[in-house]
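Okay, so here's the structure we're looking at.
The values are calculated or read from the model by the stated rules, or taken from the named source; none is laboratory data. These numbers were taken from a predicted model, which means no experiment stands behind them. Neighbour counts are summed over all protein chains in view; Cβ atoms, including those assigned to glycine, are modelled from backbone coordinates with ideal geometry. Heavy atoms of the whole protein, side chains included, go into the accessibility calculation; ligands, DNA and RNA do not. Shrake-Rupley method; radii C 1.70, N 1.55, O 1.52, S 1.80 Å.
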Amino acid sequence: MFNVESYRGTKEENYRLVIKQLAALLEGETNQIANLSNASALLNQFLDRTNWVGFYLMEDGELVLGPFQGLPACVRIPLGKGVCGTSASNKKTLRIEDVHQFPGHIACDAASQSEIVVPLIKDGELLGVLDIDSPEKGRFDEIDEKMLTEFVDVLIKFL
């Protein structure tokens, strides 16, 4: 059974605890949808000041909506379009302080002001992206980027 933890350490210590929770939560489970669902739920309960946490998965050359927490979202995103599509096509994390300044931003939720997208890459193959939106400009910093990358590194082992 999962217990919600009190996160009382530094931002980095709290992320480390969440990463440990992720590994424990997914241990022994091989179903990709179940694991991505639990990963998005875990991040959603951990992160504050966010309005969408979820995954887009590669299917037939485009990103397709996967498990998420938040309002209904865009279903398909072409590679190279918006923050998610650009992150996916470049296989690089993108941390955007103001999404309205990002060329070609796709506004699935008008409340979103900032975004971080981390590609899911296993054995050199792009599986999809982790996408997190915030209604606050500049919500994500270098620590978020570093620790969400580590979160994804652990998650990939269970996909």
Just from the alpha-carbon atoms, what are the Rg and Dmax of the chain in angstroms?
14.6, 43
Name the cysteines of the chain that stand alone by the Cβ rule: no other cysteine Cβ under 4.7 angstrom.
Cys84
accessible surface per residue for the stretch 45-159, probe 1.4 Å, DNA/RNA/ligands not counted, whole Å² -> 45 Å²
Could you put Ser114, Ser6 in order of accessible surface area, largest first, with the 1.4 Å probe and the full protein assembly present?
Ser6, Ser114
Gain upon complete extension [Thr10, Lys146; 0.36 nm per residue less C-alpha separation]:
47.5 nm
Rounded, prolate or oblate, given the Cα gyration tensor of the stretch 7-77, with a/c below 1.5 counting as rounded?
oblate
Cα-centred dipole magnitude for the chain, charges only on beta-carbon of K, R (+1) and D, E (-1), debye, nearest 20
40 debye
Normalising by the residue count of the chain, find the relative contact order in percent from Cα pairs under 8 Å and 6+ residues apart.
24 percent
Counting pairs on different chains as well as pairs 8 or more places apart, how many Lys pairs in the chain have Cα atoms under 13 Å apart?
4
As a test of the formula, what do you get for the chain when each DSSP H run with n ≥ 4 contributes -39,500 (n - 2.57) and the sum is divided by the residue count, at 222 nm and rounded to the nearest 500 deg cm²/dmol?
-11000 deg cm²/dmol
Carbon plus sulfur fraction of accessible area for the chain, probe 1.4 Å, in percent:
50 percent
